[in-house]
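The structure appears below as structure tokens.
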């Protein structure tokens, strides 16, 4: 038996497949450097939220708009690669955890300098 829930296993698989599809199949020249950091999927496997990290701050909105416009294509490509009864609908969101981690690092450095 697997040590964790099916939804977690499916989200790990979707993260890998979505990242590969964005890197190799989505051919939009406006698309910047995108990293798929994680996928959260509901327990009923109907909705998947893909969290992406975008390298350049000024390209965030356009890149997110491109990904949301291409989510139908990305979903159909996932359906070709993954054997599931139904493929979840995709939503793309900006991953704020990296900026949050940087802020914590900066605060810890400031505290260290004061001591």
Legend entry - Fraction of beta bridges assigned by DSSP in the chain that are antiparallel (%, nearest 5): 55 percent
Legend entry - Relative exposure of 90, 14, 107, judged by other C-beta atoms within 10 Å (fewest first): 107, 90, 14
Inset, instruction - Provide 92, 51, 33 in ascending order of the number of other Cβ atoms located within 10 Å of each residue's Cβ, fewest first. - result: 33, 51, 92
Inset, instruction - For segment 6-114, build the convex hull from the C-alpha positions and give me its volume per residue in Å³. - result: 111 Å³
Legend entry - Sorted by Cβ density within 10 Å, fewest first, the residues 6, 93: 6, 93
Inset, instruction - Can you pull the one-decimal nm distance between simple spin-label points at residue 86 and residue 23, each 7 Å off the Cα toward Cβ? - result: 3.1 nm
Legend entry - Where labels lie 7 Å past Cα in the beta-carbon direction, separation of residue 105 and residue 40 in nm: 2.3 nm
Legend entry - Sum of -39500 (n - 2.57) over DSSP H runs of 4+, divided by residues of the chain (222 nm, nearest 500): -16500 deg cm²/dmol
Legend entry - Fully extended contour minus Cα-Cα distance, from residue 49 to residue 8, at 0.36 nm per residue: 13.5 nm
Legend entry - Inter-label distance, nm, simple model (7 Å from Cα along the C-beta direction), residue 113/residue 95: 2.8 nm
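Laboratory data are not the source of any read-out in this text; all were calculated from the coordinates shown. Source: prediction; values computed, not measured. No Cβ is skipped: glycine too gets one built from the backbone with ideal geometry, and neighbour counts run over all protein chains shown.
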